[in-house]
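Trainee: Below you'll find the structure I mean.
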Amino acid sequence: MSWLTQLFSRRQRYSELSEEIQAHLDEKIEESVAEGMSREEASHLARREFGNVGLTEESSREVWRWPSVEDSLMDVSYGVRTLRHNPVFTAVGLLTIAVGIGANAAVFSVVNSVLLKPLNYPKAEELVALHQTAPGAAGLADFENGLLLSPSMYFTYAEQNRTFQSLGVWVTGTANVTGLAEPEQVRTVYVSDGLLQALGTRPEVGRWFSAAEQIPRGPETVTLSYGYWQRRFGGDRAVIGRNLTMESRPREIIGVMPQGFRFVDTDFDVIVPLAFDRGKLILAGFGFHGIARLKPGTTIAEANADIARMLPIWMDSWSNGPGTNQHIYETWKITPMIRPLKQEAIGNVGELLWVVMGTIGVVMLIACANVANLMLVRVEARQQELTVRAALGAGWGRIVRGLLVESVMLGLMGGVIGVGLAYASVRFLVTTGPANLPRLGEISIDARALGFALVLSVLSGLLFGLLPALKYAVPRTSLALRSAGRTISVSRERHRARNLLVVGQVAMAFVLLVSAGLMIRTFEALRAVEPGFTDAQHLQLMRISIPDSLIQEPERVTRIQHGILDKLAAIPGVKSAGFVSEMPMEGFDSAWDEIFAEDKVYSADSIAPLRLYKYVSPGFMQTAGTRLVAGREMTWSEVYALRPVVMISENLAREMWGTPSAAIGKHLREFSNMPWHEVIGVVQDVREKGVQERAPEMVYWPPLMRDGFAPAVRTVTFAMRSDRAGTEGFLDEVRQAVWSVNSNLPLASVRTMQAVYGKSLARTSFTLVMLGIAGAMALTLGIIGIYGVISYTVSQRQREIGIRLALGAQGGDLLQMVLRQGAKLALVGVAIGVCAAFELTRLMRNLLFGVTAYDPLTFAAVAVLLVLVALLACYIPSRRAMLVDPIVALRYE
Amino acid sequence: MKKAAQRDLFPGALEMMILRMLKRQPLHGYALVQYIKRTSRDLLQIEEGSLYPALQRLLKAELVKAEWGVSSTNRRVRIYKLTAAGAKHLEREVSSFERMLEGITRVLAVGES
């Protein structure tokens, strides 16, 4: 007989069994009656000799069952009944668990999607970023990117390596597209041969670039992103073979990349081949990101050794022009530091997410402590029931299991609601999340996150169920029967578990609040940093590029830019306007070079310090609010006259000549055959790379310089100071102003400086918000915990308080007594919390700015806050204790 | 200590006796108990109820089968019959029990000879 038919025929089998047993009893009774016994006596005898009918039926049925599962099912249905009969307890418990699991599932799905899931390429684990450091190249290799690759490096690595399947370089940029609708600036990624092959993602439509398209003067082609294809061509597959006019030149569309394809973490509109001119390359030009696919089985260490082997080959194979020292770069100590591509994509966000995950995990612990407390109270109220069950023969294992099943069910139900909450919050996060959170678009709740929520639900159910189960399931019949009568005061032991939980909660809440406090202090410190510009809210930005295919002559480019500035300045409400090659914190690839001073001596065998440089228009510093420390800004007549003038930053002036004013009148140049430029102005330091990074030394060249050095700068950010910045009407007027000068110019990156500034603070504000939420949850749960324990204690001590009152205790004394109990718990919790926080806040050291992980102010403030809140939570139940009527309390029975 | 007559049976003993009784003739529950009691001359105090779980176990193992019928006192009862498997099982059990009994007896006899 299969188990299935067994299952279904069971009901009949059971009723047959009952009938059979009944027949047995009847037969016995009748026999006895026939022997002359009274019917009543006979029935007693029959039952005595038969034994327990119920138990017999039970154990007969058990033969057919799968006892452990069926008992559990019974426990479950019993659990559901008890939960349903205590709606308030169930609701409070469910809500607490749901919020805890929801928060944890949401944060875990972020961690999972951002940190754990592989990148969206085939065999992504083979992909590496060709990262390298150059401790000798001060300035150039300071920042996150290390030393980027030069084109000649790319050729050397691509041709000479032994460890890569394929390798390529890429760089981002922008380009103007005309001829579709309005002129538009698109986000471009320039790729070398080998890059798409390394990434390995096939185009959705069309093909990869061919080698012929990767050489200068070859066919000019372009590949579209899925998004741009949908947006501009409505997803038309016939787009292959058509032309796209970029920078006023036609390029043939040869492919469309699939949806979701990105370069590491960069979104783009079009991909254009780099087409390096191999014959004209020099050693320098370190501006390209390298990506490679390792040969199967190759380690990163082997690849590093391979690159290290190729560096001398690179220096031998190329030069920086006649008369230059090829081995000058040895002083840079270039070292390969290849890392997995995923690490490159995630950047420094990993640490932050783990900190957030940890804090949310602590919130879950606090929530569990709260529910455990609730369970303790409830199990205590059920003592009599449990004792009766034990007396009727339930083993303590069975009772423990019953209690655990109940709490795990509570956990699971909370988990279901929690997953709903998590869905909502992940959606919210994806739509409003910080733009610089990598892989933001990939965040979703997948099977792994659901599994995590399930495991968490069960574990937390076990966690908060275990304490009450262990404490009360062991039958202590006499004790239970006695104290259930409430004639004795509650034993000290019964409070210990609850007090322990409250102390733990306060300690954990302390740690979380300190972390949140430290982030608030960090945020304040960041806000207090003078960024080098003022009133970002009212600084309107936009980016305009004038390609040489549109305007060839450098001076005309500058005149058009000047013309735009004049039109912009004429818009009502615009106080001033200027332009610059790149605003601070905009995150475009920066330009660095050696800068020489006339009155310094430089060794021919080393490279002069590298400085970040920009091109600025007259009036830009005033518009941005960058303070002049000495001298003056340049004028338009100087620009058009190609007068060799330059401005520098205050820290550069101090480094080279001691004081800002001493720098005025000194001379600088970039190339040996460039005229010396006179320093006419020194401006305050600007936090170019974000508020957290130190301000680099800067050189500001004029926008137009003599041919052969740096002709007109063609892509610039315009800045306007106006109270109307960011409003739609204002932006319309701005567009009209630009197009009245040249109608072929698209406006890109239209935003206020506040948006740029806010983005640079996004990491900190994201952390702040997350830790703030965790801290608030911890505080709320902590208050509820303390309140619950104190008010329960008070209600248990009504009788004792009544006696005290009857014996003449004053209300005030009682208030104090209860408050003292609460304060004691809070203080012990805070003391433990201080120790724990000393250890744990170290983990978030790297997220802090301008404040140490042991900031005494934060620690003190949080301690005071917690104790005050705890006292407040005790106050309400204390008041109740004070108002106890002794007569009522004594009659409480 | 319990009296010897009330000593619990070892696991499987009751089943063995049921099978033995059924080998002679098909019986219903009440009759089975009576037979066992009578045959053992009341040396074994069997709680009558304990028969039924044992019968269910035998049914499940398909060593016996049951059919509804009418008893000698004209009562609707379930009559149990030994199956072929049950007969084989009984043989095995009895021989292993006899070996065990012999072993125990020998050990117990040591002190007396």
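The values are calculated or read from the model by the stated rules, or taken from the named source; none is laboratory data. Given the structure is predicted, the values throughout are model-derived calculations rather than measurements. Because the Cβ atoms are built from the backbone with ideal geometry, glycine has one as well, and the counts that use them run over all protein chains shown.
Trainee: How many residues, within the stretch B:52-109, are of a type outside the set (A, V, I, L, M, F, W, C) and within 13 Å of chain A (Cβ to nearest Cβ)?
Mentor: So the answer is 17.
Trainee: Which ones in the stretch A:43-60 are more than 8 Å from chain B (Cβ to nearest Cβ) and surrounded by fewer than 19 Cβ atoms within 10 Å (Cβ to Cβ)?
Mentor: A:S43, A:H44, A:L45, A:R47, A:R48, A:G54, A:E58
Trainee: Could you tell me whether B:V33 is without any contact (Cβ under 8 Å) to a residue 40 or more places away in the chain, more than 14 Å from chain A (Cβ to nearest Cβ) and hydrophobic (A, V, I, L, M, F, W, C)?
Mentor: For B:V33, the condition - without any contact (Cβ under 8 Å) to a residue 40 or more places away in the chain, more than 14 Å from chain A (Cβ to nearest Cβ) and hydrophobic (A, V, I, L, M, F, W, C) - is not met.
Trainee: Spot the failing condition for A:L513; the list is (1) buried (at least 17 other Cβ atoms within 10 Å of the Cβ); (2) within 28 Å of A:T635 (Cβ to Cβ), and only one is missed.
Mentor: Only one criterion in (1) buried (at least 17 other Cβ atoms within 10 Å of the Cβ); (2) within 28 Å of A:T635 (Cβ to Cβ) is unmet by A:L513, namely (2).
Trainee: For A:D142, are the conditions met, namely being under 30 Å from A:G414 (Cα atoms), among the charged types (D, E, K, R) and either modelled with pLDDT under 85 or in contact with a His (Cβ under 6 Å, 6 or more places away or on another chain) (or both)?
Mentor: no
Trainee: Of all residues in the stretch B:19-72 being basic (K, R) and in contact with a Phe, Trp or Tyr (Cβ under 9 Å, 6 or more places away or on another chain), which is modelled with the lowest pLDDT?
Mentor: So the residue we want is B:K60.
Trainee: Let me ask something additional. Within the stretch A:863-876, does at least one residue satisfy the condition of being within 13 Å of A:V794 (Cα to Cα) and either surrounded by fewer than 19 Cβ atoms within 10 Å (Cβ to Cβ) or without any contact (Cβ under 8 Å) to a residue 40 or more places away in the chain (or both)?
Mentor: Yes.
Trainee: Do the conditions hold for A:T223, that is, is it surrounded by fewer than 20 Cβ atoms within 10 Å (Cβ to Cβ), polar (S, T, N, Q) and in a strand (DSSP E or B)?
Mentor: No, not satisfied.
Trainee: Has the stretch A:603-612 got at least one residue that is modelled with pLDDT of 80 or more and closer than 26 Å to A:K759 by Cα?
Mentor: yes
Trainee: Something else about it: Could you pull out every one of the strands (runs of 3 or more DSSP E) wholly within the stretch A:643-739 that has 3 or more residues that are within 28 Å of A:D535 (Cα to Cα)?
Mentor: Ranges flagged: A:645-649, A:677-683, A:698-701, A:715-722.
Trainee: Here is a follow-up. Kindly list, by first and then second residue, each pair from a residue in the stretch A:322-333 that is within 13 Å of A:L311 (Cα to Cα) and of a type in the set (A, V, I, L, M, F, W, C) to a residue that is outside any helix (DSSP H, G or I) and at pLDDT 75 or above, limited to pairs with Cβ atoms under 8 Å and residues at least 6 apart or on different chains.
Mentor: A:I328/A:N320; A:W332/A:A134; A:W332/A:P135; A:W332/A:L147
Trainee: Select, from A:G350, A:G420, A:G415, the only residue that is at pLDDT 90 or above, closer than 27 Å to A:G100 by Cα and surrounded by fewer than 18 Cβ atoms within 10 Å (Cβ to Cβ).
Mentor: Just one listed residue meets the conditions, A:G420.
Trainee: Which condition number in (1) without any contact (Cβ under 8 Å) to a residue 12 or more places away in the chain; (2) farther than 30 Å from A:L429 by Cα is the one that A:V80 fails?
Mentor: Single failed check for A:V80: (1).
Trainee: Let me ask something else. Tell me whether the stretch B:84-91 contains one or more residues that are within 23 Å of the chain's Cα centre (by Cα), of a type in the set (D, E, K, R) and not in a loop (DSSP other than H, G, I, E, B).
Mentor: yes
Trainee: Of the conditions (1) charged (D, E, K, R); (2) in contact with a Ser or Thr (Cβ under 6 Å, 6 or more places away or on another chain); (3) not in a helix (DSSP H, G or I), A:R217 clears all except one; give me its number.
Mentor: A:R217 satisfies every listed condition except (2).
Trainee: Here's another thing I want to ask about it. Restrict the check to the stretch A:65-76 and report whether at least one residue is over 30 Å from A:A381 (Cα atoms) and either part of a helix (DSSP H, G or I) or within 14 Å of another protein chain (Cβ to nearest Cβ) (or both).
Mentor: Scanning the stretch A:65-76, I find at least one residue that is over 30 Å from A:A381 (Cα atoms) and either part of a helix (DSSP H, G or I) or within 14 Å of another protein chain (Cβ to nearest Cβ) (or both), so the answer is yes.
Trainee: Here's another thing I want to ask about it. How many of the residues making up the stretch A:496-525 are at pLDDT below 90 and either of a type in the set (F, W, Y) or not assigned by TED's automatic domain parsing to the domain that holds A:L857 (or both)?
Mentor: 1
Trainee: Given the residues A:G665, A:G658, A:G619, A:G681, which is the only one that is surrounded by fewer than 19 Cβ atoms within 10 Å (Cβ to Cβ), under 44 Å from the mean Cα position of the chain (by Cα) and small (G, A, S)?
Mentor: Every option except A:G658 fails the conditions.
Trainee: Assuming A:L565 fulfils every condition listed in (1) assigned to a helix (DSSP H, G or I); (2) modelled with pLDDT under 90 apart from one, which condition is it?
Mentor: (2)
Trainee: Let me confirm something: among A:I607, A:I560, which residue is assigned to a helix (DSSP H, G or I) and surrounded by 14 or more Cβ atoms within 10 Å (Cβ to Cβ)?
Mentor: A:I560
Trainee: Sticking with this structure for a sec: Being more than 11 Å from the chain's Cα centre (by Cα) and in a loop (DSSP other than H, G, I, E, B) is the filter here; which residues of the stretch B:45-58 pass it?
Mentor: B:Q45, B:E47
Trainee: Please specify each residue of the stretch A:395-446 satisfying the condition of being under 30 Å from A:L470 (Cβ atoms) and part of a loop (DSSP other than H, G, I, E, B).
Mentor: The one that is under 30 Å from A:L470 (Cβ atoms) and part of a loop (DSSP other than H, G, I, E, B): A:G395.
Trainee: Checking A:I101 against (1) away from chain B (no Cβ under 14 Å); (2) within 21 Å of B:L32 (Cβ to Cβ), which single condition isn't satisfied?
Mentor: Exception for A:I101: condition (2).
Trainee: Would you be able to tell me the number of residues in the stretch A:17-42 that are of a type in the set (D, E, K, R) and either in contact with a Phe, Trp or Tyr (Cβ under 7 Å, 6 or more places away or on another chain) or exposed (fewer than 14 other Cβ atoms within 10 Å of the Cβ) (or both)?
Mentor: Residues flagged as of a type in the set (D, E, K, R) and either in contact with a Phe, Trp or Tyr (Cβ under 7 Å, 6 or more places away or on another chain) or exposed (fewer than 14 other Cβ atoms within 10 Å of the Cβ) (or both) within the stretch A:17-42 amount to 6.
Trainee: Take A:R382 and tell me if it is among the basic types (K, R), over 35 Å from the mean Cα position of the chain (by Cα) and not assigned by TED's automatic domain parsing to the domain that holds A:F464.
Mentor: Here the answer is no, as A:R382 does not meet what is asked.
Trainee: For the stretch A:112-126, indicate whether the set of residues that are in contact (Cβ under 8 Å) with a residue 12 or more places away in the chain, on the phi < 0 side of the Ramachandran plot, surrounded by 20 or more Cβ atoms within 10 Å (Cβ to Cβ) and of a type in the set (D, E, K, R) is non-empty.
Mentor: So far as the stretch A:112-126 goes, yes, one or more of its residues are in contact (Cβ under 8 Å) with a residue 12 or more places away in the chain, on the phi < 0 side of the Ramachandran plot, surrounded by 20 or more Cβ atoms within 10 Å (Cβ to Cβ) and of a type in the set (D, E, K, R).
Trainee: Another one. Restricting to the stretch A:21-42, count the residues that are within 8 Å of chain B (Cβ to nearest Cβ) and farther than 14 Å from B:E47 by Cβ.
Mentor: The number of residues fulfilling the criteria is 4.
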